[in-house]
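The values are calculated or read from the model by the stated rules, or taken from the named source; none is laboratory data. Please read all numbers here as calculations on a predicted model, not as lab measurements. Cβ sites come from the backbone with ideal geometry, for glycine too, and all protein chains shown count toward neighbours. Only protein heavy atoms, including side chains, enter the accessible area calculation; ligands, DNA and RNA are left aside. Shrake-Rupley method; radii C 1.70, N 1.55, O 1.52, S 1.80 Å.
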Amino acid sequence: MKIEYRREEEYIPVDVAAMRPKDSYRKTVEGRNYPVEQLIAEHGRIPDDFLHDRPCPTCGGEDCGLETEKEGLTLVRCRNCDLVYVNPVFDEAHYKEIYQAQNYQEIVRDLGEASHDYRVERFGKERVAIMQRHLPEHGAGPPHYLDVGCSTGFVVEAARDRGWEAMGIDLNPSAIAFGRARGLNLEQCGLDDLDLEPASLDAVSLFDVLEHIVNPQEILERAIRLLRPGGIVFIYVPNYDSASRLLLGKNAVFIWPTHHLTYYTVETLSDLLHRAGLTIEFTATEGLDLIDYMWWQREMEGQMKTAFLPRSRREALS
Ligand SMILES: [Zn+2]
């Protein structure tokens, strides 16, 4: 699938310093594999009985080849549909535990709460504007919207401020408490525990969610059941074909197999969506990518190569 390139001046830069205040990024990177690192320290590797094989999360096929290994886990590529995914994986209960664990709450607190206002402005408003263009024709009343995996609710807040009937759910108790204190309609639960009328929503979003889920097809189907006819699902996932992965290989920050269990490209995500009966109206790829790469160099290696960036961007980073 062809994606249009955008001109440099059409892209709204991301202020990495506002998004990752103080020391939060380093702490995130250092703490991000807890408690798997403890397991490895104890046993030398992840013990086999903690892991189980899974079929391809898109096509259900079981014929896959080795893609790469990182942090004690293995990425494979499906020989049938080309999807890259972690296999074997922990069971679902383990992942739910991770996202409610103190350590993960602290990561989100450091990273998400201090940058909440910035995220509303830079990402929330942009995402709501994109959804607005694709909403079904509507009678009276505001659009009804649910953000699954809403974190502190920065997109929910942008939608509410635009007059939408907006709610969000997340497993992380401290992120939910933070958003609620701002008056947002948030609930601490997963989509399977949420009691909502089928066919009652105009839009459901899954921002940075599908890559975390053992069975993404199931959560997608649950989301679709909540939609009115013509309703939309809006999805963000890391792009396995992104510049950072092509430059850095498995050292790209988003290759994070303890948490990111599936690695989509435009093609493999489109395949999943088509199988779920969706029509694709809008596709884009953008994000931190090179900025992320340079930030990584500066934070983790104490140096940064910015020569290939325009002057305005270099200054923004310094
Ligand atoms: Zn497959």
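A few comments on the model shown:
- Near-label residues of the stretch 141-177 by backbone N, under 11 Å of a point 7 Å along Cα→Cβ of F282: none
- In this simple spin-label approximation, S200 and H274 carry label points 7 Å from Cα along the Cα→Cβ vector, and these lie 3.4 nm apart.
- Förster radius 30 Å - calculated FRET efficiency between A181 and E137, Cβ distance, rounded to 0.05: 0.25
- Surface share of carbon and sulfur [accessible, 1.4 angstrom probe, percent] for the stretch 162-264: 47
- In this structure, H52 and R79 have a Cβ-Cβ separation that, at R0 = 30 Å, corresponds to a calculated FRET efficiency of about 0.90.
- The slack between Q188 and K250, meaning 0.36 nm per residue of separation minus the straight C-alpha distance, is 19.0 nm.
- In nm, spacing of pseudo-spin labels at Y11 and R45 (7 Å Cα→C-beta vector): 4.0
- Solvent-accessible area per residue, Å², over the stretch 86-157 with all protein chains present [probe radius 1.4 Å]: 41
- Modelled spin-label separation between E165 and A101, with each label point placed 7 Å from Cα along the Cα-to-Cβ direction: 3.9 nm.
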